[in-house]
Amino acid sequence: MDLKAPYIKNLSLPVIAAPMFLISGPELVIECCKNGIVGTFPALNQRTSEGFEERLIEIKSELKNFEDETGKKPAPFGVNLIVHPTNPRLEADLKICVKHKVPLIITSLGAVSQVVDAIHSYGGLVFHDVIKKRHAQKAAGAGVDGLILVAAGAGGHAGTINPMTLVAEIKKFYHKTIILSGCISTGRDIASALQMGADLAYMGTRFINTEESKATAEYRDMIVAAGASDVVYTAAISGVHANFLGASLKAAGISEEDLKKDRKIDFGKELDTEAKAWKTIWSAGQGSATIDDVLPVSELVSHLKSEFKSAIEEQIKVLEIYPK
């Protein structure tokens, strides 16, 4: 029996545009799906469950109109749910996802079988993000349909394990859909993810620099200017290690001493409010080093397809030489 997500073969590219806090809105999700890749967004990007449901209705309506007008079936969309006791909206948002039969749910900070069962009740899929084997084993036990392996260098709450090792280790015991995250910015990177054994590539930072994202011009410019060494891995911002643009940390007045701490800093002292911190401290992965433009999603996907095809064709030529 094929245990992989059934829609993979219907995508224009094996890509999920990752759900990004304050960045992924309906416009970005819709354009990704129209162009054949999975678009996603965090439920918490809206301040209320009512607002979240309004966004779901908007996305579903736009994608239905697109299919009716063009005869083309868009890629499925997904929602990120924070499955943790500190999220007071989980129950309400989960009910909304079930009501609207969201095709894909991405769970973070907890793999709970009850959540998985609720999504499975209408045929939805659940992908869970992990940074290490222990987390993956727990999520597999909860019955998730896919694992998002967040490897070293990824934007946001990233792990520290090399992607080749992480994929190989997880594939020893997990045989459903594998999604790889970490420094994937080009079509060649997508091809590399598949060669390592992943089924899908998970791209976040590259989609910050699209015209449809909610990122500010300053945020996008900082990504263009950044090299890999300009991305800082610290637990000082959220209490959990994550990657951020060093220039944004400096601009916020956060010291080198603060960044070395393994605990969350007191934003009441460092900034006016924590909410302000998340608007002025910007996350990005080391893949920023290969991003030098801002494109509409349609043009970006077109470029990625071309790069992906070229990378695969190059590998086919290599087969003519090796192995001997």
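Counting other Cβ atoms within 10 Å as a rough exposure proxy, the listed residues 298, 185, 229 run 229, 298, 185 from fewest neighbours to most. The residues packed around residue 297, meaning those with a beta-carbon under 12 Å from its beta-carbon, carry a net charge of -3 if Lys and Arg are +1 and Asp and Glu are -1. Of the residues 53, 169, 314, the one that moves most in a GNM of the chain with alpha-carbon contacts below 10 Å is 314. Bridgeable aspartates and glutamates around residue 133 (alpha carbons under 14 Å apart, same-chain partners fewer than 8 residues away excluded): 169. Antiparallel beta bridges, as assigned by DSSP with both residues in the stretch 74-156, represent about 0 percent of the total such bridges. The distance linking the stretch 178-221 with the stretch 52-76 is 23 Å (Cα centroid to Cα centroid, whole angstrom). Pairs spanning more than 26 Å between alpha-carbon atoms, out of 73/176; 4/132; 279/305; 34/305; 138/172; 9/176: 279/305.
For the stretch 180-267, trypsin sites (Lys or Arg not before Pro) meeting the loop criterion (DSSP other than H, G, I, E, B) and having at most 11 other Cβ atoms within 10 Å: 260, 263.
Sequence-ordered 3J(HN,Hα) estimates for the stretch 297-313 from the Karplus curve with 6.51, -1.76 and 1.60 and θ = phi - 60° stand at 4, 4, 6, 4, 4, 4, 4, 4, 4, 5, 5, 4, 4, 4, 5, 5, 4 Hz, glycine and proline given as x. Pull out a ≥ b ≥ c, the square roots of the eigenvalues of the alpha-carbon gyration tensor of the stretch 148-188, then state rounded if a/c is under 1.5, prolate if not and a/b is larger than b/c, and oblate in the remaining case. Prolate. Classify the chain: rounded, prolate or oblate, from the alpha-carbon gyration tensor (a ≥ b ≥ c, eigenvalue square roots; a/c under 1.5 rounded; otherwise prolate if a/b is larger than b/c)? Rounded, since a/c falls under 1.5.
Proximity of backbone amide H atoms, modeled 1.01 Å from N, is registered between residue 177 and 5, 147 at under 5 Å, excluding neighbours fewer than 5 places apart on the same chain. Sorted fewest first by neighbouring Cβ atoms within 10 angstrom, 100, 128, 135 come out as 100, 135, 128.
Amide H contacts under 5 Å for residue 80: 41, 43, 106, restricted to partners 5 or more places along the chain or on a different chain, H placed in the peptide plane at 1.01 Å from N. Backbone phi angles across the stretch 70-78, fed through the Karplus curve with coefficients 6.51, -1.76 and 1.60 (θ = phi - 60°), yield HN-Hα couplings of 9, x, 9, 8, x, 5, x, 10, x Hz in residue order; Gly and Pro are listed as x.
Quick note: the coordinates plus some simple rules give every number you see, no bench work behind them. Bear in mind the structure is a predicted one, so any value in this text is a computation, not a measurement. Cβ sites come from the backbone with ideal geometry, for glycine too, and all protein chains shown count toward neighbours.
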